[in-house]
Structure formats: structure tokens, C-alpha cells
Amino acid sequence: MNLKYTYQLREPVQALLQEASRINSYKPQKYWYPLSMATYDIEEILAAVDSLCSFRTTMWEKTDEFERQFGAFAGSPEAIMVNSGSSADLLIAFALINPQTKFLNQGDEILVPSVTWPTQLWSPMMAGLKVRFVDTDPNTLNMDLDDLEAKIGPKTRAVSLVHLMGNPCDMDRVINICQKHNLILIEDCCEALGAKFKGKAVGTFGLTGSFSFFFSHHITTMEGGMIICQDQPLSDLFRLLRAHGWARNAKYAKPESVEGLDPRYMFLNWGFNVRPTELQAGFGLEQLRRLPAFNAQRLQNAVYFQKYLNRYSNIMRLMEVLPDAECSWFALPIMLSPECPFKKEDFLAYLEEQGVETRPIVAGNLARQPVCRLYPELQEGDLPGADAIHERGFYLGLHPFEAKKNLDRLAEVFEKFIGKTL
């Protein structure tokens, strides 16, 4: 990347980083094994500072280049950057019901996972679609495909698939179900950047795919997200929805002039304002360069810890990855077995006391969240798989750095607790 101000700024910025590191080293840290760690360095900071110093801060050349490089990495001809992964999901939902596409009508039903981030609910609901929960397989943490087929009804028109924790779904069966029932498929890959099924990147199986670049994700732009799709008209619609419906943001469409309208202020559709910044795109370009090494190290660390857990496979395990899937490990999601001799709450309290940060698997069973009482369509019946994850699942961080020493220490922490209960 050609940074105009790199030479002048490198030394003072590096000095600031060293000072920040020195100061932070004196601060007591609650967690020696946190959920996430910073993955950016001086190159990302310089890319952001370069945009500030050149007075080009909203989306510009770096955004275009990041979109181009991301699309090439993800195996998609079209990539559209937005300010968050949640905004990516939002634009996808509104593109589905837009008069320009007519994929779906308001009131159509879309099936969503019961264990996922709430964005999967709010986006289609805000677009006027009817949401229905599908149960979750506690082994893979992905949609229970038997329940998916059972939930398809006369009003079902689409499936919102999530590759949770970087674990690809069984895409052969998903595609067969969608083709059999003439359903539109969209993919949320916010936790699955780099994951593949039978060599094909997730996000490229359906109509669209969404990605997130939040601080704790595979790459970070602090906040940020991306939409990928296969055809140019749909990608232009996303660009319009991204920024007010403004014609100047379309990449391919060449609108005809309209008498009495300034062509610089022509609006072709409605839209939001969820544009990214050049600072985010600069971060993204540097992070994308690091991504292959990040993902390789995540995989190595997951495999290493899996070997430790294998000795206690009767009471706990990591998620199951299908033979044809290449998991892009987002975290270390752990399921306790029904026969586990201790309570999850006691184990998590112990881990937290020992400096190991923990979280539920996303938000557990979303149908059990208080918000669902406000919306009748979210009051689903039995979801036994999601309940199992809610009650017996949690996850730990998985860092994209060499972590054998920390993982050995983590195993020792596990060992001390388990040894007292067996």
C-alpha cells in the first residue's frame, strides 16, 4: 500500500506504541487468558493516520482496494464494505424486499437459527419479514437440518444460515433443501472468515454472504463489515442502500439524466448511511495480509487444545467439524456432557477466578431472551438442541498467535478443577 506519510510518521508512532506498552504493563490485568487480543500493529495505525493526514477519511481509494482484495480472498466477484457486520445483515434483509429485486415480499417467512447473534432476528424483522426459529445441533452448533426441513411451511421463502464459531454447515444438504423447496439462501459468515466446505468458501453458496471485522473477529477494522454477492446489479443495490440511495455510489449503473435534477444529487432508491471510513479500510488491507497466518495459528491452537480435551471426552468436548468442512476457528466452544459431574456455573466461576475469561455460546437459546416476549412470532415451541447449548455450552478465546505456553497453563487450570470432581 502506498502511504504518503509513512516515512515521516513511522518513528513517532512507534515511540508512542512503545510508551503505551510500557504504561499498560504496569496495569493489573484481570484475565491472563482473555477472550481476544489486539492483532494490529504499527502498519495498521500508520494506514489510519495516513488517511487522516491526507484528509480522505470517508470511503475512497482504500475502501475500493479493500473491497477488491477481500472479494478475491472470499471467492466473490463483488464485495461491498459497510460500517459493521450488523449493517451488512441489515442491508441484505432490505435488499430481499426491495422493489428493485422483488426476491421476497413483506410478510414472507424466513427461517433463522435459534443460537446466533440477535442481528439475525432484528434485520429481517425490521424489513417486514416473519422470522421463525430453527433448532440448533448441539454437536456442530449449527442449524439442525432435520428441524429446518420440518419447519418449512407454505409461507417459508428463505433461510438465513449462520456458520457459527467458524464451523461450516453441511452445505450439500442445505443446498438440496433450498432447491427442493425453492428457498432463497443467505449466509452469515461473521464468525467464519476463511472457512470452506469441500474447498468452496462460505458466503458463496447463497445469494449473499455477510462478514464482520469487529475487534475480536478473524481480522479487525475496529468496527466494519462486508457483503459479498455474485452479480453486479445486486452489488449496486447494496451500494445504494449503503448510502442514501445516492446514484453516485453505484458502480455499474449509469442512470439517465433527468430534466431539472442535478446529476450529482440523484437518488435511485432509498437507503441508510452505513458507510465505512478510509481508516477502517486501511486497517482492513493490512489485516487481510495477515489473515492466512492468523487462521493457520488459530487452527493449530484449536487442535492442540483438542488433544488435551480428548482425555475427558466423556464430560466435555469442542464442537464437531464435518469431514468435508474446513473450520475457520473463531473460539474454543465447549459443550459439557449430560453426564458431567459438575455444574457449568461452578466451573465458569472457577475459570473466571483463575483469570480465564468465559462467555456463553453467543447468546444461548435466543427464544429464551426477554425480548421474545414482545413479539409473538419469536415464541417458538421446543428447541431442545438450543436448550442444551444454553445450559451446557460456553466458549473461551482462541488467539491467532503461538499459544502453547498459555494453552498448557489453561490445561493445568482445567486439570485442577476436574481432578477435584472426578
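Do the conditions hold for P400, that is, is it in a strand (DSSP E or B) and buried (at least 17 other Cβ atoms within 10 Å of the Cβ)?
No: the conditions fail for P400.
Would the stretch 278-299 turn up any residue that is touching a Lys or Arg at 6+ places or on another chain (Cβ under 8 Å) and either without any contact (Cβ under 8 Å) to a residue 12 or more places away in the chain or more than 25 Å from T39 (Cβ to Cβ) (or both)?
Scanning the stretch 278-299 turns up no residue that is touching a Lys or Arg at 6+ places or on another chain (Cβ under 8 Å) and either without any contact (Cβ under 8 Å) to a residue 12 or more places away in the chain or more than 25 Å from T39 (Cβ to Cβ) (or both).
Residue check, F197 against (1) over 14 Å from A88 (Cβ atoms); (2) buried (at least 24 other Cβ atoms within 10 Å of the Cβ); (3) touching an Asp or Glu at 6+ places or on another chain (Cβ under 7 Å); (4) hydrophobic (A, V, I, L, M, F, W, C), all met but one. Which one?
Among (1) over 14 Å from A88 (Cβ atoms); (2) buried (at least 24 other Cβ atoms within 10 Å of the Cβ); (3) touching an Asp or Glu at 6+ places or on another chain (Cβ under 7 Å); (4) hydrophobic (A, V, I, L, M, F, W, C), the lone unmet condition for F197 is (2).
How many residues does the stretch 298-323 contain that are within 21 Å of the chain's Cα centre (by Cα) and either assigned to a loop (DSSP other than H, G, I, E, B) or on the phi > 0 side of the Ramachandran plot (or both)?
Total satisfying the criteria: 4.
Residues in the stretch 257-272: is at least one among the acidic types (D, E), out of contact with any Gly (no Cβ under 6 Å at 6 or more places or on another chain) and crowded, with 19+ Cβ neighbours inside 10 Å?
No, there is no match, as no residue in the stretch 257-272 is among the acidic types (D, E), out of contact with any Gly (no Cβ under 6 Å at 6 or more places or on another chain) and crowded, with 19+ Cβ neighbours inside 10 Å.
Within the set of pairs 6+ apart or on separate chains, which have a first residue in the stretch 380-400 that is under 13 Å from P113 (Cα atoms) and in the same structural domain as L410 (by TED's automatic domain parsing), a second that is at pLDDT 95 or above and acidic (D, E), and C-beta atoms under 6 Å apart?
Short answer, once both residue conditions are applied: L383/D135; G385/D135; G385/D137; G385/D144; A386/D135.
Taking the conditions exactly as written (assigned to a helix (DSSP H, G or I), surrounded by fewer than 22 Cβ atoms within 10 Å (Cβ to Cβ) and at pLDDT 95 or above), does A72 satisfy them or not?
yes
Among N269, N295, which is the only one that is touching a Ser or Thr at 6+ places or on another chain (Cβ under 6 Å) and either of a type outside the set (S, T, Y) or assigned to a strand (DSSP E or B) (or both)?
N295
Consider the stretch 38-74. How many of its residues are more than 23 Å from N249 (Cα to Cα) and either in contact with a strand residue (DSSP E or B) (Cβ under 8 Å, 6 or more places away or on another chain) or not polar (S, T, N, Q) (or both)?
Qualifying residue count for the region: 13.
If you take the residues of the stretch 330-362 that are within 19 Å of D408 (Cα to Cα) and in a loop (DSSP other than H, G, I, E, B), which of them is nearest to the chain's Cα centre (by Cα)?
A331
Scan the stretch 305-344 for residues that are in contact (Cβ under 8 Å) with a residue 24 or more places away in the chain and either in contact with a helix residue (DSSP H, G or I) (Cβ under 8 Å, 6 or more places away or on another chain) or of a type in the set (A, V, I, L, M, F, W, C) (or both) and report the count.
Residues that pass the stated criteria total 27.
In this structure, does G282 turn out to be among the small types (G, A, S), assigned to a loop (DSSP other than H, G, I, E, B) and more than 17 Å from the chain's Cα centre (by Cα)?
no
One residue is enough: does the stretch 234-250 have a residue meeting the conditions touching a residue at least 12 places away in the same chain (Cβ under 8 Å), loosely packed, with under 13 Cβ neighbours inside 10 Å and basic (K, R)?
no
Regarding G260, is this residue under 26 Å from the mean Cα position of the chain (by Cα) and assigned to a loop (DSSP other than H, G, I, E, B)?
No, not satisfied.
Determine, yes or no, whether A367 is outside the structural domain of G107 (by TED's automatic domain parsing), within 26 Å of N314 (Cβ to Cβ) and in a helix (DSSP H, G or I).
When the stated conditions are applied, A367 does not pass them.
Of all residues in the stretch 306-326, which are out of contact with any Phe, Trp or Tyr (no Cβ under 7 Å at 6 or more places or on another chain) and among the small types (G, A, S)?
S313
Condition first: at pLDDT 70 or above and either under 30 Å from E61 (Cα atoms) or assigned to a helix (DSSP H, G or I) (or both). Now tell me which residues in the stretch 1-35 satisfy that.
E11, P12, Q14, A15, Q18
Among the candidates S123, S86, S114, S51, single out the residue that is touching a Ser or Thr at 6+ places or on another chain (Cβ under 9 Å) and farther than 30 Å from T358 by Cβ.
S51
The values are calculated or read from the model by the stated rules, or taken from the named source; none is laboratory data. In this text, all values refer to a predicted model and were calculated from it rather than measured experimentally. Ideal geometry is used to build each Cβ from the backbone, glycine not excepted, and the neighbour counts take in all protein chains shown.
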